[in-house]
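Reading through the structure tokens given below for one structure.
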Amino acid sequence: MRAFSRSLTIVGCCFIGLIPEPRCLATPPQVTKAVPDNGDIDVDPNLREIRITFDQAMSPGGQSIVGGGESFPELLGKRPGKWHGSRTFALRVRLKPNHSYWLSINNQKFQNFTNRQGESAVPYPIQFTTGVGESTADTLHADTAANAAAVDQLKEALATQYSHRDRLGIDWPSLVESSRRQLDAAPDAHAFARLAATLLSKAQDKHLWLKVGDETIPTYVRPVTPNVNGRLLPRLIPSWKRHSSVLASGRWDDGIGYVLIDSWSREKTRELVPIFDILEQLKDAPALIIDVRGNGGGDEKISRSVAGCFVEKPVVYAKHVIVDPDQPGGFSKPHKRMIRPNSRRTAYRGKIVVLTGPVVMSSCEAFLLMMKQAPDALLVGASSQGSSGNPQPVELDNGVTALLPSWKAMTPDGTEFEGLGIPPDIAVNASRKDFEMADPVIDAALSHLRSPVAGN
């Protein structure tokens, strides 16, 4: 016996659904339609989805598809099930020709399909038999069928799950259809992904990419000219000290401190730990320059723990809306993101300048918004990239995974900044040549911090 659940616990060779907690009484949901349905015969063996529709809105938190052995369909991908709206659940499968299948939506033991009030759905068994099919043993035919299903899934995902689908006014259904013949004929998953990446490049979205196994295939690479010369910094910053590959610090004779943070990556967590010792050493500095001009993002939680050393009270630093096909307009109501003082670390209360520029994106843009909530903090340099999205995986039938942004990021007042970036408070217009022997952005920061107005 096996039960598919959105969150799986593996026991032996069985998949066990989540154990339901006590439910409050409500009208129990029922299956109104299944494709294929109980008793169906001559089902197309090339069918790639089993769809189950309920009579009421369901909770997306857990599912139980019960069955086992040779009669249980082969599930596709690490996350074979997903919701289409609030009532229809689709399970991606691979079927054999001339074969009998049996499964059940919930049963007496596993009851994780529930409505939004927590009442479990009435168990619904489904038994069906596939037909002979056409040339299903032919590998090329099978690949073409899988590619065709993947094209449909990609088109639907772009329409219903891609948060920036409307940003550039692209007609995604027509665009996908224009490349269907080439995508259907792709000889393998890698070739399909490369073709799809070319198609998706029109979105100009660095948070939209594809994966085949461990290989990541970007859809858009836009080179940017950084407004910093990293090789020059050790010569320009007095008392320069490199703490790790992503951290450095320094201090001018008048006490102004400098901190370089080049990444918020989770993989660099250990290399970021010294940041708190650095802040402890600079706590008496009259002013502090935090340089993130080379930081392309990473884990927002890590950046929030650092920014928490500079704020005095809980405050909203950003908002976002999440794709939700059930809501008017296709998005949730705005969610607020809060930053709170980091009470476990040294607090800094002096003047602050954060150096920013066109390399800054994603979670580092969130860091800019956090720092804007700190007293006496300014951004100096150039606008950030304007690229965020919280990408979520969509697994396609041919082994390709598409990562699609799922939210729209906004400033605290609700202004979207995708494709626009976060502007500095003090803009520094400089060419690449200007950074060969000097750093105009650091010069502007020091000028501001040393001015009589800034000192008051």
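No lab work stands behind these numbers, since they all come straight from the coordinates. The structure presented is a predicted model; accordingly, all values stated were derived computationally and were not measured. Positions of Cβ are backbone-derived with ideal geometry, glycine not excepted, and every protein chain shown enters the neighbour counts.
Using a Förster distance of 56 Å, how high is the FRET efficiency between Asp326 and Glu280, based on the Cβ-Cβ distance and rounded to 0.05? Efficiency, from the Cβ-Cβ distance: 0.70. Mark the label point 7 Å from the Cα of Ala57 along Cα→Cβ and return the residues of region 314-344 whose backbone N is within less than 17 Å of it. From region 314-344, the list is 322-335. Cross-link check: pairs Lys333/Lys372; Lys206/Lys433; Lys313/Lys336; Lys82/Lys408 evaluated at a Cα-Cα cut-off of 19 Å; pairs beyond the cut-off: Lys333/Lys372; Lys206/Lys433; Lys82/Lys408. Amide H contacts of Gly81 (H built 1.01 Å from N, in plane; Pro and chain starts excluded): Arg92 sit under 5 Å, all sequence-distant by 5 or more or on other chains. The eigenvalues of the Cα gyration tensor, multiplied by 5 and square-rooted, give region 383-430 an equivalent ellipsoid with semi-axes of 32, 13, 5 Å from largest to smallest. Taking 18 Å as the limit for the C-alpha separation, the pairs Lys268/Lys319; Lys319/Lys351; Lys268/Lys301; Lys33/Lys155; Lys78/Lys211 exceed it in the case of Lys268/Lys319; Lys319/Lys351; Lys33/Lys155. Helix 440-450 and the longest principal axis of the C-alpha atoms of the chain enclose an angle of approximately 60°. With the biggest extent put first, the Cα atoms of region 139-218 measure 39, 27, 18 Å across the principal axes. Extension gain for Asp253-Arg344 works out to 29.8 nm (0.36 nm per residue, less the C-alpha to C-alpha distance). Residues in region 88-94 carry Karplus couplings, in order, of 10, 10, 10, 10, 7, 9, 10 Hz; the curve used is 6.51 cos²θ - 1.76 cosθ + 1.60 with θ = phi - 60°, and Gly or Pro positions show x. Distance between the 7 Å Cα→Cβ label points at Ser245 and Arg266: 1.8 nm. If you find the alpha carbon centre of region 368-404 and of region 38-101, how far apart are they in angstrom? Using only Cα atoms, the two centres lie 34 Å from each other. Cross-link partners for Lys109 among the aspartates and glutamates, with Cα-Cα distance under 18 Å and sequence neighbours closer than 8 places in the same chain left out: Glu21, Glu119. Charge dipole (Cα centre; +1 on Lys/Arg Cβ, -1 on Asp/Glu Cβ; no other charges) of the chain amounts to roughly 1240 debye.
Subtracting the Cα-Cα distance of Glu177 and Val316 from 0.36 nm times their residue separation leaves 45.8 nm of extension gain. What's the FRET efficiency of Ala159 with Val35 using the Cβ-Cβ distance as r and R₀ = 22 Å, to the nearest 0.05? That gives a FRET efficiency of 0.65.
Label-to-label distance for Lys301 and Val221 is 3.1 nm, based on points extended 7 Å past Cα in the beta-carbon direction.
Sorting 228-237, 376-385, 90-99, 351-360 by average packing, meaning the other beta carbons within 10 Å per residue, from highest down gives 351-360, 376-385, 90-99, 228-237.
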